[in-house]
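The values are calculated or read from the model by the stated rules, or taken from the named source; none is laboratory data. What you see is a predicted model, and the numbers here were worked out from it, not measured in a lab. Cβ: placed from backbone, ideal geometry, glycine included. Neighbour counts: every protein chain shown. When the accessible area is computed, the model is the full protein with side chains, heavy atoms only, and any ligands, DNA or RNA have been set aside. Shrake-Rupley method; radii C 1.70, N 1.55, O 1.52, S 1.80 Å.
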Amino acid sequence: MKHFCIYTNRHKDKDFATTEKVRRFLCGKGMQCTIKKDECDTIPEETDCILVLGGDGTMLQAVRETHSRKRIPLLGINLGRLGYLTEVEPDGLEAALEQLLCGDYDLESRMMLNGTVYRKSGENQNGWALNDIVISKTESQQILSFLLYVNRKLLNRYLADGMIITTPTGSTGYNLSAGGPIVEPGARLIVLTPICPHTMNQRSIVLSPEDEVVIEIPAGREGQVQHAAVSFDSCVVKIRTGDAVRIAQSERTTDFIKLSKAGFLEVLHKKMSDN
């Protein structure tokens with residue numbers, strides 16, 4: 001690795017003190033370094049590694065900006081709170097950078113999801129997610145009725161606030177808040193977790209990565225048109241009665257740099273104990 005891009009959340013590093021600390025260290029080791037502070041700044045094509053300064057949201061934003069390009073590994077430096085997607089804490093920053101430059105790290109490949117919105121009008125819209133794809137009600141409704149198909153077979157009709165379709169990486173996000181299971185991030189599987197289901201017996205469902213999920217939005221009570229939203233890692237698309245969303249494993253993956261030799265459960269224990 002010779003060319004690094006520092007991807008900074010300016011709200012988490014307001015005076016860019018940590019950004020400058022990283023830049024000085026890398027340049028002092030003879031590395032090339034580009035700083036991305038604003039949306040108008042670009043990530044150079046020759047970038048070998050992206051160092052993300054912020055929290056989980058900043059990591060997801062960095063992944064989104066590089067999705068259509070060559071795979072560039074990311075290393076997260078936690079300036080947020082929990083930081084499940086970030087690897088390095090600020091007090092261990094220089095030691096982590098030294099370890100990175102020595103090549104003492106592993107690449108952890110994370111699965112992603114593709115989604116396609118099929119509209120009643122015949123128009124289609126594509127999206128993808130590293131964390132999750134969420135179908136949710138809008139503020140104008142008290143409850144959302146939807147049909148869930150797995151591999152073209154009807155699994156259930158739900159009355160709920162929505163449904164979270166998550167990767168293992170996203171299992172510590174909204175899925176966790178909704179009572180879903182925590183999954184080892186390097187796993188390959190799809191988790192479905194209903195949001196506030198209006199029955200007592202509807203729980204999370206774990207599927208194979210080869211499974212295909214389709215959620216249809218039917219007419220509501222007394223034939224009323226239902227309105228909902230689909231969020232692809234917070235990129236929101238509006239849908240309504242007659243529309244459907246197909247979700248499946250993406251052919252693309254995201255590479256995270258792993259420096260720590262600690263296992264997932266050990267890291268999870270530490271993060272949960274610290275907060």
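Points worth noting:
- Matching entry among Tyr174, Tyr158 (being hydroxyl-bearing (Ser, Thr, Tyr) and under 19 Å from Ala129 (Cβ atoms)): Tyr174
- Test result for Asp91, assigned to a loop (DSSP other than H, G, I, E, B) and among the charged types (D, E, K, R): no
- Among the residues of this structure, Val52 does not count as one that is modelled with pLDDT of 90 or more, farther than 19 Å from Gln32 by Cβ and not in a loop (DSSP other than H, G, I, E, B).
- The criterion of at least 1 residues that are exposed (fewer than 15 other Cβ atoms within 10 Å of the Cβ) and of a type outside the set (Phe, Trp, Tyr) is met, among strands (runs of 3 or more DSSP E) falling completely within region 101-177, by 106-118, 124-129, 153-160.
- Residues that are in a loop (DSSP other than H, G, I, E, B) and open to solvent by less than 30 Å² (accessible area, probe 1.4 Å), drawn from region 198-210: Gln202, Pro209
- Residue that is open to solvent by less than 60 Å² (accessible area, probe 1.4 Å), closer than 23 Å to Arg64 by Cα, among the hydrophobic types (A, V, I, L, M, F, W, C) and in contact with a Gly (Cβ under 6 Å, 6 or more places away or on another chain), where the choices are Ile195, Ile257, Ile247, Ile190: Ile247
- Residues within region 33-56 that are free of Cβ contacts under 8 Å to residues at least 40 places away in the same chain and more than 21 Å from Leu259 (Cβ to Cβ), tallied: 11
- Checking each residue in region 211-230 for being part of a loop (DSSP other than H, G, I, E, B) and either in contact with a Leu (Cβ under 8 Å, 6 or more places away or on another chain) or in contact (Cβ under 8 Å) with a residue 40 or more places away in the chain (or both) picks out Asp211, Glu212, Ile217, Pro218, Gly220, Gln226.
- Qualifying positions in region 58-86 - surrounded by fewer than 17 Cβ atoms within 10 Å (Cβ to Cβ) and in contact (Cβ under 8 Å) with a residue 60 or more places away in the chain: Arg64, His67, Arg71, Arg81, Leu82
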